[in-house]
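Chemist: After the structure tokens below, expect a handful of questions from me.
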Amino acid sequence: MKLKNKVAVVTGGNSGIGFGIAEALKNEGAVGAITGRNQETLDRSVKELGTGFIGIKGDVTNLEELENIFSITADKFGKVDTLVVNAGGIVDGLPMSAIDEVTEENYDQYMDLNLKSTYFTVKKALPYLNDGASIILIGSSAAHRAAPGMTIYAAAKAAVISLAKGLSLDLLSRKIRVNTLSPGSIDTPVFGKIVPEDQVDFVKNLWIDITPVGRQGTPSDIGKAAAFLASDDSAFIVGTEILSDGGLTNISLMK
């Protein structure tokens with residue numbers, strides 16, 4: 001119970017990695033809010049989490065809705081101790097593409113969701129954060145290696161990793177720590193948004209083949225790492241990145 005009675009907000013906490021993080025924080029004693037844009041999955045996830053967490057519908061690319069998320073949370077639980085900026089990823093209805101297929105609008109949508117929203121989630125949270133709070137930005141191992149169609153997404157996540165350093169410096173006077181947690185290939189429904197349904201298993205196996213530990217990660221793997229960064233166990237870790245990717249980035253399987 002390393003987070004007993006600590007207040008947490010997890011954006012995009014209604015499914016996948018975000019839900020795994022919220023569940024891990026709750027298991028360590030935290031209370032708070034998860035957010036999402038889909039009311040049905042939000043309600044289902046809150047029910048599964050049980051007492052102590054509420055769901056707040058909101059779009060992290062909308063600054064007024066961001067403000068609302070933190071205002072509602074603080075009104076119910078008090079100031080926030082842990083902020084997990086998880087919302088991001090694939091833009092609905094807009095698959096990742098190579099540069100010859102990307103329009104300016106496509107570029108802006110991916111940057112808005114994966115970089116701009118991260119920065120302004122932190123900014124809008126500041127009045128509602130306790131001094132000494134932990135902010136966890138969700139990056140990606142994609143920031144460290146190129147993959148087909150992922151150039152803009154990867155660039156945005158590389159910028160998120162850099163944000164953790166600059167924001168930590170900005171917030172030193174309040175003893176607020178900002179770190180990035182970067183997953184590798186995690187087994188979530190997101191694969192169905194990237195490739196046709198009949199290719200999902202094939203693509204998952206491709207990732208497994210190049211991941212040194214020989215499996216995909218799970219949302220609970222990322223959740224446990226987030227709980228560590230949220231707790232006082234990581235009090236001396238500031239402005240850095242933790243790669244939770246099964247060795248994907250730093251260990252080569254080439255023979």
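Chemist: Could you work out the helix-only [θ] at 222 nm for the chain, with each DSSP H run of four or more residues adding -39,500 (n - 2.57) and the total divided by the number of residues, to the nearest 500 deg cm²/dmol? Don't jump to the answer; show the numbers that get you there.
Modeler: On the way: 9 runs with 102 residues, N = 255.
After summing the helix terms and dividing by residue count, I get -12000 deg cm²/dmol.
Chemist: Looking at the chain, send over the antiparallel percent of its DSSP beta bridges, to the nearest 5. Present the calculation step by step, with values, prior to reporting the outcome.
Modeler: Working: 1 of 28 bridges.
Roughly 5 percent of the DSSP beta bridges within the chain come out antiparallel.
Chemist: Mind checking the full-extension length gain between Asn68 and Val213? Use 0.36 nm per residue of separation minus the Cα-Cα distance, one decimal, nm.
Modeler: Working: separation 145, 0.36 × 145 = 52.20 nm, distance 4.11 nm.
Roughly 48.1 nm would be gained on extension.
Chemist: Can you compute the FRET efficiency between Asn205 and Asn130 using 1/(1 + (r/R0)^6), with r the Cβ-Cβ distance and R0 = 51 Å? Round to the nearest 0.05. Show your work: numbers first, answer last.
Modeler: On the way: r = 44 Å, r/R0 = 0.86.
Calculated transfer efficiency: 0.70.
Chemist: Consider a paramagnetic label point 7 Å from the Cα of Asp170 along Cα→Cβ; state which residues of region 117-158 have an amide N under 13 Å from it.
Modeler: From region 117-158, the list is 117-127.
Chemist: Still on this structure, please answer the following. Counting other C-beta atoms within 10 Å, which of Ile251, Ile210 has the fewest, and how do the rest follow?
Modeler: On the way: Ile251 12, Ile210 16.
Starting with the residue having the fewest Cβ neighbours, the order is Ile251, Ile210.
Chemist: For Asn27 paired with Thr249, estimate the spin-label separation in nm (one decimal), with each label point 7 Å from Cα along the Cα-to-Cβ line.
Modeler: It works out to 2.3 nm between the two label points.
Chemist: Taking other Cβ within 10 Å of each residue's Cβ, how do Ile72, Ile136, Ile99 sort, fewest first?
Modeler: On the way: Ile72 17, Ile136 28, Ile99 9.
Ordered by Cβ neighbours within 10 Å, fewest first: Ile99, Ile72, Ile136.
Chemist: Same structure again: If I take the Cα coordinates of region 7-244 and project them onto the principal axes, what are the three extents in Å, biggest first?
Modeler: Extents along the principal axes, in whole Å: 46, 36, 36.
Chemist: I've got another one for you. Roughly speaking, what is the stretch gain from Asp59 to Ala235, that is 0.36 nm per residue apart minus the C-alpha to C-alpha distance, in nm to one decimal?
Modeler: 60.3 nm
Any read-out appearing in this document is the output of simple, stated calculations on the displayed coordinates, not a laboratory observation. All of these numbers come straight from a predicted model, not from anything done at the bench. Heads up, the Cβs are rebuilt from the backbone with ideal geometry, glycines too, and the neighbour counts pull from every protein chain shown.
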